[in-house]
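Following: one structure in structure tokens, then a few remarks.
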Amino acid sequence: RAGFSYLPFAVTFGLVSYYWRGLPARFHRVLAPAGLAATAVGYLLLPVTGPDGLALVGTGLGLAVSPLFNRALAHILPDRAADASGVLTTTVQLSQLTGVAGIGSLYLSLAHHALPVSAYALTVLSLAAAAVAIPRKGL
């Protein structure tokens, strides 16, 4: 049952991550901030919607992660691409591990209020990430 509750997240994340390039090119620069903002809204609504709200989170992360990876690796020379991809993947996995440990600790320390507190903490983190990902002139 627990695995099925994440199905909306997994399906939307996978589909959006795969098909984002089909959107008009003029939107590609704003996909990451828009996706992270959608993720924040999804986390904010999570206490109300329950597992169904994970579809919005998956959509938002699908819009954000693939374009960010694409942008991070776009100017890497082909002979360095494997190394850069490995470093990026390792960094992302370490960040995910740290995030799960931090949010898990917050969740367990506030078990009777855990879902709303965790959802709001994730919202704040997503909004901060969206702010950092906003395209700037000259980049």
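The values are calculated or read from the model by the stated rules, or taken from the named source; none is laboratory data. Predicted, not measured: the structure shown is a model, and the values here were computed from it. Heavy atoms of the whole protein, side chains included, go into the accessibility calculation; ligands, DNA and RNA do not. Shrake-Rupley method; radii C 1.70, N 1.55, O 1.52, S 1.80 Å.
Counting every C-alpha pair in the chain, the share spaced more than 23 angstrom apart comes to 39%.
Think of a 1.4 Å ball rolled over the protein heavy atoms: the stretch 1-96 then has 64 Å² of accessible area per residue. Just the protein heavy atoms count here, and of the accessible area of the stretch 13-70 at 1.4 Å, carbon and sulfur take up 72 percent. Here the translational diffusion coefficient of the stretch 1-59 follows from Stokes-Einstein with Rh set to the Kirkwood radius across Cα pairs; for 25 °C and 0.890 mPa s it amounts to 205 µm²/s. Across the chain, the relative contact order, built from alpha-carbon pairs under 8 Å that are at least six residues apart, equals 33 percent. Using only the alpha-carbon atoms, how far is helix 81-109 inclined from the longest principal axis of the chain? Give it as 0 to 90 degrees, nearest 10. Between helix and principal axis, roughly 10 degrees. A helix-only calculation puts the chain at -25500 deg cm²/dmol for mean residue ellipticity at 222 nm, using -39500 (n - 2.57) for each DSSP H run of at least four residues, averaged over all residues. Using only Cα atoms, tell me the angle between helix 7-19 and the longest principal axis of the chain; keep it within 0 to 90° and round to the nearest 10. Orientation of helix 7-19: about 10 degrees from the principal axis.
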